1. Can you sort A:PHE217, A:PHE312 from fewest to most other Cβ atoms within 10 Å of each residue's own Cβ?
2. What are the trypsin sites (Lys or Arg not before Pro) within region A:124-199 that DSSP puts in a loop, where the Cβ has at most 15 other Cβ atoms within 10 Å?
3. Normalised radius of gyration for region A:398-495, please: alpha carbon Rg relative to 2.2 N^0.38 Å, two decimal places.
4. Using alpha carbon centroids, what distance separates region A:463-530 and region B:80-148, in Å?
5. What does the structure give for A:103-112 when I average, per residue, the other chain Cβ atoms found within 10 Å of the residue Cβ?
6. For B:THR244, enumerate residues with amide H under 5 Å from its amide H, sequence gap 5+ or separate chain, H modeled in the peptide plane.
7. If you plug each phi of region B:148-158 into the Karplus form 6.51 cos²θ - 1.76 cosθ + 1.60 with θ = phi - 60°, what whole-Hz ³J(HN,Hα) values come out, in order, with x for Gly and Pro?
8. Given a Förster radius of 30 Å and the C-beta distance between A:VAL461 and A:LYS180 as r, what FRET efficiency does 1/(1 + (r/R0)^6) yield to the nearest 0.05?
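Any read-out appearing in this document is the output of simple, stated calculations on the displayed coordinates, not a laboratory observation. Here the structure is a predicted model, which is why all the values come from computation and not from measurement. Methodologically, a virtual Cβ is constructed for each residue, glycine included, from the backbone with ideal geometry; neighbour enumeration extends over all protein chains shown.
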Amino acid sequence: MSPTRRAFIKTTAATAAALAVHPDLRLDPLAQTLAAPGADPLVVSLANDTLEVARSAGASYADVRIGRYRRQAIATRERQVTSVTDGESYGLGVRTLVDGCWGFAATSTMSRTGTRTAALEAVAIAKSAKAVQRRRVELAPVKPVLGTWITPVRKDPIEVPLEERIALLLATNEAALKVKGVQFVNSSVQILREVKTLVTSEGTSVTQTLIRVGPAFSATAVGGGDFQTFEEELAPRGEGWDYVESLNMPGNAERWASIAAEKLTAKSVEPGTYDLILEPTNLWLTIHESIGHPTELDRVLGEEANYAGTSFVAPPEKMIGMLRYGPPIMNIQADRTQEGSLSRIAWDDEGVPADRWLLVEKGIFKDYQTTREQAARIQKLTGVVRSHGCSFAESWNAVQFQRMPNVSLLPGEQDFSVNDIIAATDRGILIRNRGSWSIDHQRYNFQFSGQAFYEVRGGKVVGMLRDVAYQSNTPVFWNSMDMIGGPSSYWMGGAFNDGKGEPAQSNSVSHGAVPARFRNVTILNTKRNA
Amino acid sequence: MSAQAALSPRDASTTLLRREQARALTNRVLAMSAADQTRVTVISSWSGNTRFADASITTSGSATDTSVTVTATIGRRRASATTNVLDDPSLRRTVELAAQLARLAPEDPELMGELGPQSYATVSAFVESTADLDPESRAAAVRSAVDAAATAGKLAAAVFTAGFLEANARVVAVATSKGLFAYHGTTDANFSMTARTRDNTGSGWASAGARDWAAVDPSAIGRIAAQKAVASRNPEAIAPGLYTAVLEPQAVNDLVPLLAGAFNARTADEGRSPFSKPGGGTRIGEKVVDERVTLYSDPADPALLGQPFDADGLPVGRTVWIDKGILKNLAYSRFWAEKQAKQPTGNATLAGGLALTGGTKSTEELIAGCERGILVTHFFYIRSLEPRTVLVTGLTRDGAFLIEKGKITKALKNFRWNESPLLMLNRLEDIGRPERTAAGRLMPALRISRFDFSSSSEAV
């Protein structure tokens, strides 16, 4: 049991009292987290009615998702609140398969007439798709399932009094403004509560309540005709307000802001080749871009070719079990069950149970991310019959498709810390937090920056640098990794909004990482004279 | 089911709110509010889309929605709440939630009161045929693009095609408790397509967008994408470095609109922008780019057809950002305009589109005038590196070609580049005629000297 968990249990009574305000949510006495609300019988009835209309109109398969999304955002700068917004969106999306073609229609008119019209439209759209069809959709099998689930949280963030949340942000800004030279401070938090019911024509009926929080902080220091910003990496999580409190933003903000001021006088980097030590707060995004995206099977099959791009991890028959992605110390795990992670679910948007599997094992590429229609296409190569459960739609009004699960670099066997890696490095640069990032459409050439950069000489950090970006090629980069941190150095970052698809949809995904060293990486200086 | 016969298919004309319906809805919501000031924004939308890959439609769908956002002001406190559940209890709950959030929010020293009645330019940006683009018509358009690509791709044995067609229709209404009512309808259609040769060494792309679907030619897009794919096969690597670049209009469309964020007057006054004057103030009146460049936003311009008001109902007119190289205007919010004694522009680049004018030549003429350089189809994954200079990084995509003595001589591997649209416009060799690159955008081809192609990319 973690110390925070022990501390929590002592205060359970107080927490339970605070939660009593919301009638649908109650504390599960065993798990110490909120219990999953049951499905709304009216919602299930409307979904089943819509499903029946789609079936009667000719769909060989259909699924209906009814979602109620509550999004809140609070943004502040310095001593003021710049915006408080609350959004509610409720509606239904119905997906149909007719003669091997998909059709989808969505409506916010939640009457039987409205949803039946959508069902008929989805069938009509599927029929019209026959005009351009080379390949029929085949779905991997899934067992029908009935159930409810909620993200394990102790405090539903929507139910925490707004005054309390605003006070936390303004106290954060106040602490940051104590730092000399710091003139601008932004802090914010975004919150999502998603209640989603899925019914399928194969008998699945599940309702999930998913909760996510995304805090953010940045400070800008101005001086000497220059300005420098520092953004702290406050990972968004599939957790409750208790997680935001655990970050102690007011207690840490002064230290974070002082890094912005420190950057004003940092030495501009000398471009060249260095050994690179990446903290997990930076490396998570590199994992996301250079491993997460290229192992999405829809990219590999060309379905994203017109937008996000394709992948160098193609074709599957020449990659699975053959591609050396990195060194034997590299194990990359996909996981939709991981505690606190953004893409954690019980069932995906096709009713497939959450899965955990290795994408890269001991440096060798092993498997892709899949949905039901994709799993069937590589089953002979992987021997995996089931979908890995990567189907997701951002809202009721969007069709579900393959989205990234949490993808993480697993810790090394030896419990090295970042300090152990620094001590073992003669000439290098240490990078904290994510900065600018960009990668090509097949995920080879990338260029990433960070928020804070430190020069390492003779096993020690000797000073701060600025204007740093690292540029490399994915296989070269990962194969240059020669030292990684152990279990104690593992940290999970993530993206609240990751875009893909046409029309573009946003997905939330976490990435765990340990600090790691990469040899002989190209470092650029990003400063230009106006 | 017997109910089916009574149900008719939806399209935009039956689902979008007409002016009087929108007014009735905003009035209904305003009547529920007891806040000092209230603003109601209604967005009613329809979209229909068709996505395809490997000559098969992969997803096709449509969605309709109407949302109501209530912005309540109590004293100097303000907050907003949105719902798309339009029955009275839900609307009342949303009105009360906005007021409750406003009461909880701290006082905003920069708060501006809601606006009273305004007059707006009439902008006819709603095209019925775009709003009625049904799934059969979308599938037929995809069929013609895929077929055109197959014909043009025969030179490379065959091409793989993937693309996306989307039609959108929406109306926006803004009303305030002080009597303002604004209503605007708009449509847009976009079709883009990527063609890849089966040997995976060539990739091409083309795209078009307009308010009027009739202005988009799917078969031309299919043909151009496939021709580019064929021409870009077996690319050669040349050493990264500074080269003259001929940017096609779509490539310019990827870069120049990034300047919109830099046109913010407040960040300029606060010393945080490329348009900040050293020592204080802004660079308005100074020459900031080549004198052949004019950049403006104008919702009433027939080639742009934007929205004649911004989010709080402020009328948006023509704003010339750069006139013959001179910085003429920056974007002033109502608060910052009052503080600086300027006229507010509102969110002019968002509402009013963006046009870069000043040239008359075709892309081919810009190529013909190039001694040695690189032709770029478009860019990908652009991210900021240095806001002070608008320095960004990104990659070329779907066709980079070497130009020698005015002619395209070979296909090149893609590049990563580091460049600034602002600094780049100071290294202008030549400028083409403005072309519509998307709904609300007019961009020319440009020839730029010493464009920084910084590293090579293996990506095709």
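1. The most exposed by this proxy come first: A:PHE312, A:PHE217.
2. Here the trypsin sites (Lys or Arg not before Pro) that fit, given the DSSP loop and packing criteria, are A:ARG134, A:ARG135, A:ARG136, A:LYS178, A:LYS180.
3. 1.25
4. Spelled out, the Cα-based centre of one part sits 37 Å from the other.
5. 6
6. The list, which skips near neighbours in sequence, is B:ILE374, B:ARG450, B:PHE451.
7. Those phi angles translate into 5, 5, 4, 5, 5, x, 4, 4, 10, 6, 6 Hz.
8. E between A:VAL461 and A:LYS180, to the nearest 0.05, is 0.85.
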